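Student: Sharing a structure with you now.
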Amino acid sequence: GTKKKARCPGLGLFYTLLSAFLFSVASLFLKKIEDVHSVEVSAFRCVFQMAFVLPGLIYYKTGFLGPKGKRIFLFLRGFLGSTAMVLLYYAYQVMPLADATVITFTCPVFTSLLAWIFLKEKYSLWDLLFTLFAVTGVILIARPPFLFGSRVSGIEGNYSDHLQGTIAAIASTISAASTIVILRKVGKSVHYFLSIWYYAVIGLIGCVIALFVLNEWRLPHCGRDRVFLVLIGLLGLGGQIFLTKALQIEKAGPVAIMRTMDVVFAFILQILFLDHLPTWWTVGGALCVVASSSGTALRKWRHSVKKAKQREI
């Protein structure tokens, strides 16, 4: 028979690291944009994704709808993924960059919970402990006044916006976790370009409807903001492609652990370019969330390796 081409070791982890960096830089540009609603930014990103994914769909001859049995999953992936994007962009705009990024890393905890509910995967006491760690981290970042007093430091703007951003970030994380569960359900039976195509098309339709309802559509007056919008679209597309590709060629555990580098990039970019030093509460919350997500990923990885060895035996 023909020999299988050897895969470059660590390629999936490199894709994940590159994806984390691209997403972090895109979120930095989002913080720099003025007077543009997060829904409009999301619409621009969806347009860029459609424009760049369309040639790939034609080249690979995947079609635009996908296999009949997978279309409902692709629709849900597109709807939940685009919802997560809009909510996350809103959180980036109203709260510190590092705080919003850290909250998104509770995603593995919610993924484990949803996989237990919908994919019948095991949910142990360790998973419950990691969930409590993640909740503790979010509390340290949100810093509710009934626990931390009325004078809450290290918050951009007023506390009401910070709280709304926290809720949006948590809702975005739950939507993203649901997307990961759907991608795992679909597996490699659908080309990753088709998955991103659904994400872009459904996201654009939803964003356009929301902009007309909110009456928030406006082109940025500043040329710098227009450049930032273009760069956000390009960087978001690149990050999405590299992350999707990484999940298809690498185990979910190592990918989830490597994605924690996004937190490191967010702290560095916030200090260097936004001149905003994170508080010790944020650092403590970040440690709790990273420990929770890394522990969850490690346990899932070990469990999958053990099952693979049992199948070989």
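Student: Taking segment 86-103 only, how many residues are open to solvent by 10 Å² or more (accessible area, probe 1.4 Å) and either over 26 Å from GLY206 (Cβ atoms) or modelled with pLDDT under 85 (or both)? I'd like the intermediate steps shown before the answer.
Tutor: The initial filter retains those residues of segment 86-103 that are open to solvent by 10 Å² or more (accessible area, probe 1.4 Å), namely 86-90, 92-94.
The next check asks that each one be either over 26 Å from GLY206 (Cβ atoms) or modelled with pLDDT under 85 (or both); those that pass are none.
Here the count works out to 0.
Student: In segment 258-313, what count of residues is obtained for those that are within 18 Å of the chain's Cα centre (by Cα) and acidic (Asp, Glu)?
Tutor: Residues meeting the conditions: 1.
Student: Kindly indicate whether any position in segment 48-60 is in contact with a helix residue (DSSP H, G or I) (Cβ under 8 Å, 6 or more places away or on another chain), at pLDDT below 85 and among the β-branched types (Val, Ile, Thr).
Tutor: Yes, because at least one residue in segment 48-60 is in contact with a helix residue (DSSP H, G or I) (Cβ under 8 Å, 6 or more places away or on another chain), at pLDDT below 85 and among the β-branched types (Val, Ile, Thr).
Student: Which number in (1) outside any loop (DSSP other than H, G, I, E, B); (2) at pLDDT below 70 marks the one condition that SER150 misses?
Tutor: All conditions are met except number (1).
Student: Still on this model: Out of the residues in segment 33-47 that are charged (D, E, K, R) and at pLDDT below 85, which is nearest to SER195 (Cα to Cα)? Let's see the steps before the verdict.
Tutor: The initial filter retains those residues of segment 33-47 that are charged (D, E, K, R), namely 34-35, 40, 45.
Still in the running and at pLDDT below 85: 34-35, 45.
On the way: GLU34: 31, ASP35: 31, ARG45: 15 Å.
That would be ARG45.
Student: Applying the selection to segment 177-200, what residues are farther than 22 Å from TRP116 by Cα and either acidic (Asp, Glu) or open to solvent by less than 40 Å² (accessible area, probe 1.4 Å) (or both)?
Tutor: Passing the criteria: VAL190, TYR192, PHE193, LEU194, SER195, ILE196, TRP197, TYR198, TYR199, ALA200.
Student: On the given criteria, is ARG259 under 30 Å from VAL135 (Cα atoms), of a type in the set (Lys, Arg) and out of contact with any Pro (no Cβ under 8 Å at 6 or more places or on another chain)? Break it down into steps so the answer makes sense when it comes.
Tutor: Values: under 30 Å from VAL135 (Cα atoms): yes; of a type in the set (Lys, Arg): yes; out of contact with any Pro (no Cβ under 8 Å at 6 or more places or on another chain): yes.
Yes: the conditions hold for ARG259.
Student: Can you find even one residue in segment 63-72 that is outside any loop (DSSP other than H, G, I, E, B) and closer than 19 Å to LEU237 by Cβ?
Tutor: Restricting attention to segment 63-72, the residues satisfying the condition of being outside any loop (DSSP other than H, G, I, E, B) are 68-72.
Next cut, closer than 19 Å to LEU237 by Cβ only: none.
Scanning segment 63-72 turns up no residue that is outside any loop (DSSP other than H, G, I, E, B) and closer than 19 Å to LEU237 by Cβ.
Student: Looking at (1) modelled with pLDDT under 80; (2) out of contact with any helix residue (DSSP H, G or I) (no Cβ under 9 Å at 6 or more places or on another chain), find the lone condition where SER160 falls short.
Tutor: Status for SER160: all satisfied but (1).
Student: Select from segment 266-303 the residues that are over 22 Å from ILE139 (Cα atoms) and touching a helix residue (DSSP H, G or I) at 6+ places or on another chain (Cβ under 7 Å) and write down the one among them that is least open to solvent (accessible area, probe 1.4 Å).
Tutor: LEU269
Student: Would you check which residues across segment 50-62 are open to solvent by 60 Å² or more (accessible area, probe 1.4 Å) and not in a helix (DSSP H, G or I) and list them?
Tutor: LYS61
The values are calculated or read from the model by the stated rules, or taken from the named source; none is laboratory data. What you see is a predicted model; the values in this text were computed from it and never measured. Don't worry about glycine lacking a Cβ; one is built from the backbone with ideal geometry, like all the others, and counts go over all protein chains shown. To get the accessible areas, we keep the full protein, side chains included, count just its heavy atoms, and leave off ligands, DNA and RNA. Shrake-Rupley method; radii C 1.70, N 1.55, O 1.52, S 1.80 Å.
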